[in-house]
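To start, the structure under review is shown below, and the notes come after it.
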Amino acid sequence: MTTTTISRSRQQRPAPQATPAGERVFGLSLEHGPLAPATARHAAQPILEAWGLDEDQVYDTLLVISELVTNAVVHALPPVVLHLHATADDTGHVRVHVSDGGPQATATTAAGWAAIRPDDEHGRGATIITALAERTGTDIDGLIDHWANLTAA
């Protein structure tokens, strides 16, 4: 089992869970702000490469990470936590989870950041995620967990 967790803040995090032997896991708590997607991509890229994903798989996974984190920052309350899980085999199966604190009741600085972007720069995240992922979903267990499963082509 390979487990890597990086915490950038003292925000609430989900309880650690046991993972099957050989499964690879990465976790990262992110600041709730406009730099979160870039921080997530920069932290995840070397992890995905170390896990043996090819260049296209890394690119697609980073794009899904960016979209899920952006959605969490724009539409949800903190905390924002990125989780990556890869299967123990070499098939390239990766699950991307982004946990957040649930829907925002009012506009915040993060939402204001997205609102000032031109219309052609936002609004396609869900379409991108579903185009790249084999499956997507949302789980609610305290935090809201949005996830996408990506599989090797």
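Laboratory data are not the source of any read-out in this text; all were calculated from the coordinates shown. Nothing here was measured: the structure is a model prediction, and the numbers come from that model. So basically every Cβ, Gly included, is an ideal-geometry build from the backbone, and we count neighbours across all protein chains shown.
When the Cα atoms of segment 23-91 are enclosed in a convex hull and the volume is divided per residue, what value in Å³ results?
On the way: hull volume 5.2 nm³, N = 69.
Given the Cα convex hull of segment 23-91, per-residue volume reads 75 Å³.
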Problem - Extension gain from residue 59 to residue 141, taking 0.36 nm per residue of separation minus the Cα-Cα distance - result: 26.6 nm
Fill in the blank from the handout: Put in order of increasing Cβ neighbours within 10 Å, starting from the fewest, 80, 74, 64, 25 give 25, 74, 64, 80
